[in-house]
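Since the structure comes first, as structure tokens, the remarks are kept for the end.
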Amino acid sequence: LPCSIQPVYGAQHPPLDPRLTKNFIKDRSKTNALPLKSKKASSFHEFARNTSDAWDIGDDEDEDFSSSSSSLQTLNSKVAKATAVQVLENHSKLRAKPERAQSTLSEVPTNCKVIKSSSEAQLSRASEEACVRTPLQKQQSLPLRPVIPLVARISDQNASGAPPMTVREKTRLEKFRQLLSSHNTDLDELRKCSWPGVPREVRPVTWRLLSGYLPANTERRKLTLQRKREEYFGFIQQYYDSRNEEHHQDTYRQIHIDIPRTNPLIPLFQQPLVQEIFERILFIWAIRHPASGYVQGINDLVTPFFVVFLSEYVEEDVENFDVTNLSQDVLRSIEADSFWCMSKLLDGIQDNYTFAQPGIQKKVKALEELVSRIDEQVHNHFRRYEVEYLQFAFRWMNNLLMRELPLRCTIRLWDTYQSEPEGFSHFHLYVCAAFLIKWRKEILDEEDFQGLLMLLQNLPTIHWGNEEIGLLLAEAYRLKYMFADAPNHYRR
């Protein structure tokens with residue numbers, strides 16, 4: 001069966017709502033106007049169909065593919081840029097809190113694309129060239145980019161860098177090593193130890209075990225890895241050339257467009273060799289899962305695995321590491337392991353990406369019901385200003401909060417997700433609820449629709465590290481303990 005691509009609302013960037021842009025739109029001709037969204041969409045399909053994700057326009061201008069297949073290309077990059085400028089100007093005029101505006105908004109450069117998150121906004125201000133986007137080209141040289149001043153290495157747990165290991169950390173590391181070297185690793189005990197975070201030194205093998213990719217028996221591991229890696233590259237030989245066939249062109253085209261957008265401010269992911277690896281992983285996964293095919297957002301889910309398995313061979317900061325320094329065998333191992341572990345993750349949440357994305361619809365609705373029980377004041381605040389949960393929480397579910405958190409925080413978060421039963425599906429709901437309530441003061445301070453959406457789509461988490469994620473997970477666990485098995489608490 002040919003695989004398909006489903007249009008995704010909010011999978012890449014915040015939408016442009018007509019209430020934010022009406023002053024700009026009213027003078028436009030009908031052919032260039034943004035489709036207006038009704039106050040309440042009658043269905044999920046109508047909601048997705050009537051919402052223009054104009055922040056993406058212009059990324060694929062140089063592609064040789066027809067643009068008629070996607071409603072996202074109804075506006076050119078100039079319109080999207082000008083609209084974004086108008087949005088930011090309106091926000092500045094409406095808000096009487098200059099300190100908020102300075103912390104959450106940035107000026108739109110005349111020669112760059114719109115900043116898409118608070119993390120990207122703050123990083124781009126630290127580097128004049130960080131917003132230059134290099135299209136995916138097979139023969140291009142390694143892009144010349146400045147060193148991005150990240151707060152810490154993306155593979156580290158702490159926002160303050162890598163301090164000397166404490167006695168407690170040494171004890172934990174030794175405990176992990178004992179578990180991993182035993183003849184049959186006790187997976188329940190490994191999950192228990194991994195819940196509060198996995199030491200960097202043992203994270204690659206721990207993640208392979210927790211994802212179900214590697215067997216608990218140490219004697220079987222080497223042969224299993226060899227067999228699974230050979231199986232993956234067998235898929236490459238069997239299927240990858242079909243990307244040029246007509247019925248796979250839409251899939252390949254969308255993957256080709258999305259890969260350069262994946263962590264665009266981290267040089268590692270802009271290297272041609274890394275982009276080729278991601279392209280193969282995503283295409284093979286898509287054609288082996290025709291029920292969903294490739295959906296925007298799946299590209300993000302490869303990056304934590306790739307970074308963790310790369311760190312097994314790299315001592316220095318991986319975000320600036322040149323992967324051409326690695327041998328072909330090492331790169332093949334990293335690619336195959338990333339593919340299989342991502343596949344294991346997606347097996348548990350594939351209904352998030354099938355037609356109409358029913359998994360995400362259910363999770364967004366569940367989040368709304370949960371927040372109404374946890375914090376009725378916040379819930380009523382959203383209702384008062386007509387903010388729909390779908391407008392901000394769709395991306396939280398579709399991308400597992402990866403667009404809201406620095407990558408180092410995602411890696412730490414996934415330590416726990418892989419330790420928790422149904423971590424990526426069920427427990428993620430409570431993490432999202434805890435994440436939302438974390439900003440209750442800022443939410444309640446905003447007293448208009450525009451300000452609330454600008455806040456929720458640009459939350460200031462750039463300086464978050466291990467401590468903040470630990471507190472978030474603790475609160476999520478508390479909410480799960482209180483509500484998961486208490487349906488009368490969960491629903492009205």
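The values are calculated or read from the model by the stated rules, or taken from the named source; none is laboratory data. Keep in mind the model is a prediction, meaning the values are calculated, not measured. Cβ atoms come from the backbone with ideal geometry, glycine included; neighbour counts cover every protein chain shown. In case anyone asks, the SASA skips ligands and DNA or RNA and just uses the protein heavy atoms, side chains included. Shrake-Rupley method; radii C 1.70, N 1.55, O 1.52, S 1.80 Å.
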For the range 358-485, give the percent of accessible area contributed by carbon and sulfur heavy atoms, probe 1.4 Å, rounded to a whole number. 47 percent
Using a 1.4 angstrom probe on the protein heavy atoms only, could you order LEU273, LEU459 from most to least accessible area? LEU273, LEU459
Nearest-10 value in Å² for the accessible area of LEU180, using the 1.4 Å probe: 20 Å²
Take each of the peptides 465-471, 427-433, 241-247, average the number of other beta-carbon atoms within 10 Å over its residues, and list them starting from the highest. 427-433, 465-471, 241-247
Roughly how many percent of the accessible protein surface of the range 167-348 is carbon and sulfur, given a 1.4 Å probe and a whole-percent answer? 45 percent
Accessible area per residue, Å², the range 358-485 with all protein chains present, probe 1.4 Å: 34 Å²
Can you give the accessible area of GLU388 in Å² (nearest 10), computed on protein heavy atoms with a 1.4 Å probe? 60 Å²
Quick check on the range 167-348: take the gyration tensor over C-alpha atoms, sort the square-rooted eigenvalues as a ≥ b ≥ c, and tell me if it's rounded (a/c under 1.5), prolate or oblate. prolate
Enumerate the calculated ³J(HN,Hα) couplings along the range 472-482 in order (Karplus 6.51 cos²θ - 1.76 cosθ + 1.60, θ = phi - 60°), each rounded to whole Hz, writing x wherever the residue is Gly or Pro. 4, 5, 5, 5, 5, 5, 4, 5, 4, 4, 7
Can you work out ³J(HN,Hα) from phi for every residue in the range 211-223, in order, using Karplus 6.51 cos²θ - 1.76 cosθ + 1.60 and θ = phi - 60°, giving whole Hz and x for Gly and Pro? 7, x, 7, 10, x, 5, 6, 5, 5, 8, 5, 4, 5
Hey, what's the range 167-348 come to in accessible area per residue, 1.4 Å probe, Å²? 40 Å²
With labels modelled as points extended 7 Å from the Cα through the Cβ direction, what inter-label distance (nm, one decimal) is found for THR224 paired with ALA291? 2.4 nm
Just how much of SER181 is accessible, in Å², when a 1.4 Å probe is used and the result is rounded to the nearest 10? 90 Å²
